[in-house]
Amino acid sequence: MSLQIETAQNVDVDYEVASIGDRILAQLIDYAVYFVWIMIVAIMIPALGVMKSGISQTWIMTGAMFFPIALCPLLCEYFWDGQTLGKIALKIKVIKLDGSKATLSAYLLRWLLTTIDISLFSGLVAIITIAVTGKGQRLGDLAAGTTVIKTQPTVRLEDIVVPAHAPNYQPKYAGVARLSDKDIRTIRKVLATNNQTLMEETVSKIEELLGINSLDTASEFLRTIVNDYHFYASEE
């Protein structure tokens, strides 16, 4: 399943939405990490022998076990760009629906609604919501305006655009220096979609921006733009 996102350049880019299976496996990996942490705490705290009261030891052990686990998803996603250990392993991440990085408030909303999405109903609510929305969104995602996508496209970008140049390479469009790294990443994503209509729309926007009129096919033009950009970048 793919999700079409309009970028800041007004170009629609298709992202591959993480499947329910990917998200469940990522969650299970996170649970495995939590289990290891619980075992470490269960072994270490009694071994330290600093707590004499049975009641205080119980509270301290419970807090040491579950407080970090409760905060782990929120902190990991915020500091690791939308990923937990499980998401890193499955190569998926949280992003905003406009393709930008999620904010702390978005991560916080997702985290708060995890109780309803996953904890209370064993993930049933999340699975149903993800299946129904069509954008890979559970309740937390709907509230936060986020979704979960795959970080690696089905078609590898290096199979489409090869930045290495021959010694005698001659750039065709000097105006590409006016583009930014973000523009080039967007063009690469457009090429990765292999969507002819989308590529032609992108060509029109670039031609208008650079004041040029190319007779190349859409894919050839976009590849040339990217290669020329890398040529000039390597010369700096």
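Every read-out reported here was derived from the displayed coordinates using simple, explicitly stated rules and does not represent laboratory data. From a predicted model like this one, the values you see are computed outputs, not experimental measurements. Don't worry about glycine lacking a Cβ; one is built from the backbone with ideal geometry, like all the others, and counts go over all protein chains shown.
In this entry, the stretch 25-127 is assigned a mean projected area of 7.8 nm², taken as a quarter of its C-alpha convex hull surface.
Here the stretch 180-233 has an Rg and Dmax of 10.2, 29 Å, counting Cα atoms alone. Take the Cβ atoms of residue 43 and residue 132, set R0 to 41 Å, and the FRET efficiency comes out at 0.40.
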